[in-house]
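Peer 1: Take a look at the following structure, please.
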Amino acid sequence: MQEEACLSEHRESIRAAKEDRKARGDDEHQLKTLVNNQPTVHLGQNSGVKFQNLDDVLSGLKLGPFHWRMLVLVGGGYFAACSEMMVFVFLSSPLKKEWSLGEHNFSWLPFSTGIAGVFGGFIAGTVSDKYGRRIPFLVGIVIIGVAGLTSAFAPNFPLFIACRCLVTVGIGTFESVGFVLLLEFLPSRQRGPILVTVTLCGALGAVLAGGFAWLILPNWGWRWFVGTCAGPAFLLLCYQPFVFFETPRFLLSCGRKLEAINVLKRMAKMNHSELPDLDTVTCPPSNRPRGNLRQLFSDKYLSSTLTFSSIWFLQAAGYWGITVYLPEYMAKLGADPYFNMFSIFIGEIPGLLLAMILIEHYMLGRIRTLRFFSAMTALSLFVFSFIPEHAFKTVLIILCYFSMVPIYSILNTVTPELYPTEVRSTAMAWVNILIEVPGLLTPFIGATLLSSDLPWLYPVVWGSVFLIQFAITFALRNETAGKAIEDHQLDITA
């Protein structure tokens, strides 16, 4: 009897070991399936539990009050950033008169602020990918407001440059983080139009700066103008505590699943939407270093990174090459520089509205819309160069901005869509470096072109830049419109 009892116990232990091995085999099979990025994963053979892709969850929430409040937050940030960004465009003549600056001395202002923007944007982007989007966003808006207001009281040109460098650090911080912050909350089908709307808010900020220049500069002087342009940043600081959340995509990619689920629940509650079983949501963490710039140049992303880097660089060179001295150029043609800049900035708005329609997959998509606006910009500048009538020149320069500014909206949409969560802000920081580099050179080039006896030279040079950009767009192959964005991190829900 004792031997039979021992034999029975031995058989039970063998059976238990087999079941344990089988269970481990199921777990290994599940892990293998998850790593292969299957969108829906079944736990075991008969459990019926399905893992939900985060893009599906966000799309199920649909657009609602939560998204509109985040759009106000990020759009308001870009509004504040662009109103400050345009300030120095109107200050060439007033500052030269105030401090008796030479023709090329003013160029040190955009040159110095460009260097500051490089450092600010890169640091903010890498910090955002490692520690979150919220704090860098908040810091950027605070710097824009405080430094912008302080610069209005600068007693001399070097201190004014120092204050404006701090403003540019804040602007670079926003540009590295702001679009990513909003993108990671959005359903895939609505990403394009909503991110273009953020750029539209920036265009409205430029219109505000142009309106202030037209109304304030001739009557109250440049200090009142500079101080007033800092106002939107302070208004935004009063608004953001009521709607500010970390993105669920970032939280999940860091393994902070409970925090991510809480954000998703708040989104659902505000949007009056139903959520699936959040225990089955997958966007698991990775062991790869976060905020690693080298990942942008890995085999998978190298071609896209080089192509988009070239397009971003040429966009910044062309935009600032035209814009920095445009008021003086228009004044030489006998036009009212401030009113013309105000009209030009208003001309950006219909172009952005058109981009909101064309950018989606059921229209032209990201790449063909980019190509369309690049070609229009180059063409308008070439025609502008040789039309003698001033009235037609004003119309053509408005057409130039109609097509040139939407290029920024397309690039700000497609660039963060291309890269995974762990380096998304780093990618935006990288392009922020690229767009600051032309700012170091174009003021000096623009001053040289402006002093030329050939009035057509100024627009022809910058039109050629956009012609080259148009040619490079034909190297783009990866259309992101309507597609899920990558995370590259996986987790198994127990």
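Peer 1: Sum up the charges of everything whose Cβ sits under 12 Å from the Cβ of PRO65, counting Lys and Arg as +1 and Asp and Glu as -1, but leave PRO65 out.
Peer 2: Taking every Cβ under 12 Å from that of PRO65, the sum is +4.
Peer 1: Okay, moving on. From the cross-link list LYS96/LYS393; LYS62/LYS269; LYS130/LYS483; LYS300/LYS483; LYS97/LYS393, which pairs have alpha carbons spaced over 19 Å apart?
Peer 2: LYS96/LYS393; LYS130/LYS483; LYS97/LYS393
Peer 1: Still on this structure, I have one more. Classify segment 56-475 as rounded, prolate or oblate, taking a ≥ b ≥ c as the square roots of the eigenvalues of its Cα gyration tensor: rounded when a/c is under 1.5, otherwise prolate if a/b is larger than b/c and oblate if not.
Peer 2: Prolate is the answer for segment 56-475, as a/c is 1.5 or above and a/b outweighs b/c.
Peer 1: Ok, one more. Would you please state which residues of segment 98-137 a label at SER298 would reach in this model, taking the label point 7 Å out along Cα→Cβ and a backbone N cut-off of under 20 Å?
Peer 2: Inside the label zone: 125-132.
Peer 1: Starting from the Cα-Cα distance between ASP453 and ASN478, subtract it from 0.36 nm times their residue separation and give me the gain in nm to one decimal. Don't skip to the end; give the middle numbers.
Peer 2: Working: separation 25, 0.36 × 25 = 9.00 nm, distance 4.42 nm.
Length gained between ASP453 and ASN478: 4.6 nm.
Peer 1: Still on this model: With a ≥ b ≥ c the root eigenvalues of the C-alpha gyration tensor of segment 149-230, is it rounded (a/c under 1.5), prolate (a/b larger than b/c) or oblate? Before the final figure, lay out the partial values.
Peer 2: Values: a/c = 4.89, a/b = 1.85, b/c = 2.64.
Cα axes put segment 149-230 in the oblate bin.
Peer 1: Compute the Cα gyration tensor for segment 107-245, then decide on rounded, prolate or oblate, letting a ≥ b ≥ c be the square roots of its eigenvalues: rounded whenever a/c is under 1.5, prolate when a/b is larger than b/c in the other cases, and oblate in all that remain.
Peer 2: prolate
Peer 1: Please turn the phi angles of segment 341-348 into ³J(HN,Hα) values with the Karplus equation 6.51 cos²θ - 1.76 cosθ + 1.60 (θ = phi - 60°), one per residue in order, whole Hz, x for glycine and proline.
Peer 2: Values, residue by residue: 5, 4, 5, 5, 5, 5, x, 5 Hz.
Peer 1: Using only alpha carbon positions, build the gyration tensor of segment 70-110, then give the equivalent ellipsoid semi-axes as the square roots of 5 times its eigenvalues, largest first, whole angstrom.
Peer 2: With the √(5λ) rule applied to segment 70-110, the semi-axes are 31, 8, 5 Å.
Peer 1: Could you check the spin-label model distance between VAL383 and HIS361? Points 7 Å from the Cα along Cα→Cβ, value in nm.
Peer 2: Roughly 3.5 nm, to one decimal.
Peer 1: Now for a separate question. Would you mind putting 349-357, 60-68, 451-459 in packing order, based on average other-beta-carbon counts within 10 Å, highest first?
Peer 2: Order by mean packing, descending: 349-357, 60-68, 451-459.
Peer 1: Arranged from highest to lowest average of other beta-carbon atoms within 10 Å per residue, in what order do the peptides 403-416, 468-481 appear?
Peer 2: 403-416, 468-481
Peer 1: What ranking do 225-234, 155-164 get when scored by the average of other Cβ atoms within 10 Å per residue, highest first? Show your work: numbers first, answer last.
Peer 2: On the way: 225-234: 22.5, 155-164: 16.2.
Averaged packing, sorted descending, gives the order 225-234, 155-164.
Bear in mind these aren't lab numbers, they're just calculated from the coordinates by the rules spelled out. This structure is a prediction, so every number in the text was calculated from the model and none was measured. For neighbour counting, all protein chains shown are included, and Cβ atoms are generated from backbone atoms with ideal geometry for every residue, glycine included.
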